[in-house]
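**Student:** Just passing along the structure, written as structure tokens.
The values are calculated or read from the model by the stated rules, or taken from the named source; none is laboratory data. This structure is a prediction, so every number in the text was calculated from the model and none was measured. Glycine also receives a Cβ, built like all others from the backbone with ideal geometry; neighbour counts cover every protein chain displayed. Ligands, DNA and RNA are excluded from the accessible area calculation, which covers all protein heavy atoms including side chains. Shrake-Rupley method; radii C 1.70, N 1.55, O 1.52, S 1.80 Å.
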Amino acid sequence: RQHKATIKKKKEAPPPVLHLRIQEECSKAGFFKEKTPLRADLYCFLSVPASRTKKFRELVDQRAAYPIVKPDNDNLYKAITDSAEGVAFANDSQIISTTIHKRYTNDNPFSVLVLSVVENDEDSIIWDVYDKFKRHKNVLD
């Protein structure tokens, strides 16, 4: 009788966010008060798995390899914004626009969260999309 060992794949944790580092940067930049609409640009640089080949690592150095792996963008976003909540901004509901970028690095993994106040002129492209699809009312109904 043979027993097969089940190897559970270890989930990769989001890149480390040092709470101290966030506090340090935010004390320089200031705290975004409640009701301030924010844009969040998140840049996550994930470590290359040890199982990857030297050739793959070279592709990473050439910025030609993409991490189409877990953790998912939404999980990265949640981990990072939860760390910054109460330190950089009052509540993550203030974030009304987001972009998330996930890349590999052969160096130590890290993340950068760039927060900025949303200005009215930034909304023009959003409202252009809204108006375009509003004309096609049957699409929205």
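**Student:** Determine the dipole magnitude for the stretch 47-109: charges of +1 sit on the beta-carbon of Lys and Arg, -1 on that of Asp and Glu, nothing else is charged, the reference point is the Cα centre, and the result goes in debye to the nearest 20.
**Tutor:** So the magnitude is around 480 debye.
**Student:** Label the stretch 87-126 by shape, choosing from rounded, prolate and oblate, from the square roots a ≥ b ≥ c of the eigenvalues of the Cα gyration tensor; if a/c is under 1.5 it is rounded, and otherwise prolate applies when a/b is larger than b/c, oblate when it is not.
**Tutor:** Oblate, since a/c reaches 1.5 and b/c is not below a/b.
**Student:** Let me ask something else. Count neighbours as other Cβ atoms within 10 Å of each site's Cβ, and list the trypsin sites (Lys or Arg not before Pro) in the stretch 38-141 that are DSSP loop with at most 16 such neighbours.
**Tutor:** Values: sites: R39, R52, K54, K55, R57, R63, K78, K102, R103, K132, K134, R135, K137; in loops: R52, R63.
Loop-located and lightly packed - R52, R63.
**Student:** So how much accessible area does E58 have, in Å² to the nearest 10, using a 1.4 Å probe?
**Tutor:** Estimated to the nearest 10 Å², E58 gives 90 Å².
**Student:** What's the magnitude of the charge dipole for the stretch 88-137 around its Cα centre, counting Lys and Arg as +1 and Asp and Glu as -1 at the beta-carbon? Answer in Debye, nearest 20. Walk me through the numbers on the way to the answer.
**Tutor:** On the way: 6 positive and 8 negative charges, 79 e Å.
It comes to approximately 380 debye.
**Student:** Here is a follow-up. Cα convex hull of the stretch 29-138: how many Å³ per residue?
**Tutor:** Cα convex hull per residue, to the nearest whole number: 166 Å³.
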